[in-house]
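Structure record follows, encoded as structure tokens.
The values are calculated or read from the model by the stated rules, or taken from the named source; none is laboratory data. All figures in this text were calculated on a predicted structure; none of them were measured in a lab. Cβ atoms come from the backbone with ideal geometry, glycine included; neighbour counts cover every protein chain shown.
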Amino acid sequence: MKKILLDVDEVVCFSGFLGAVNDFMGTDYEIDDFTDYYIDEVAIPKDRFGEFNQFVNERNLYDNAHILPGAVETIKKLNEFYDIYICSSCVNDFDINGSGRIFSDKYNFLISTLPFLSPKHFIFTSVKNMFKADIQIDDRLSNFDDEIETKILFPSYHNKDVADEELQLKGVCRAGNDWYTAWSEIEKMLCPKRVKERTYCLKK
């Protein structure tokens, strides 16, 4: 059975990080208002960054996570045909000592949201190229391992401007251009029951 490395943040869900930004700043930003991955660096004044980090550290960002459309249903289907391994970072570079809580919060989110996946398949790491699989689904080009045969970029607010030429050069395909419909695209690519609808990027 082929293996999938599956990212979590901006792929399975948007965490409550943007909600924390809005609560802290009194703003009403939406996810597509941003093009940079690090939302806080754009939305939070530098002189309030320390205050904001303390504010965030007191919250469980997965209590109010927004699960992306079709994510749970499609992952459940894929789980019938693939070994799925969650591969996701839990380290806050601005709070190394307090990052253990993020591991716990994300773990609890995963076992409640994707109960059909084995927790023994949860990999919490920021160094994803240590792990090998047949397929990798992620929202950041820097996370892809060159040796993985099928690399799927999940469309998100921060990777809209990645050129098709760059994707082709790196051997990466995109699951459409909209995070709202991306899981439907992934189902077409990977579910054997929809093999006739597969896109060019799935190597046969």
*Could you please let me know if residue 105 is among the charged types (D, E, K, R), in a loop (DSSP other than H, G, I, E, B) and either under 15 Å from the mean Cα position of the chain (by Cα) or surrounded by 14 or more Cβ atoms within 10 Å (Cβ to Cβ) (or both)?*
no
*Go through 92, 97 for me and flag whichever is surrounded by fewer than 14 Cβ atoms within 10 Å (Cβ to Cβ) and closer than 30 Å to residue 50 by Cβ.*
97
_Please verify whether residue 70 is farther than 24 Å from residue 143 by Cβ and among the small types (Gly, Ala, Ser), treating the condition exactly as stated._
no
_Go through region 114-125 and report how many residues are in contact with a Cys (Cβ under 8 Å, 6 or more places away or on another chain) and not aliphatic (A, V, I, L, M)._
2
_Some residue of region 78-89 being within 21 Å of residue 157 (Cα to Cα), touching a Gly at 6+ places or on another chain (Cβ under 7 Å) and either surrounded by fewer than 16 Cβ atoms within 10 Å (Cβ to Cβ) or modelled with pLDDT of 95 or more (or both)_ = no
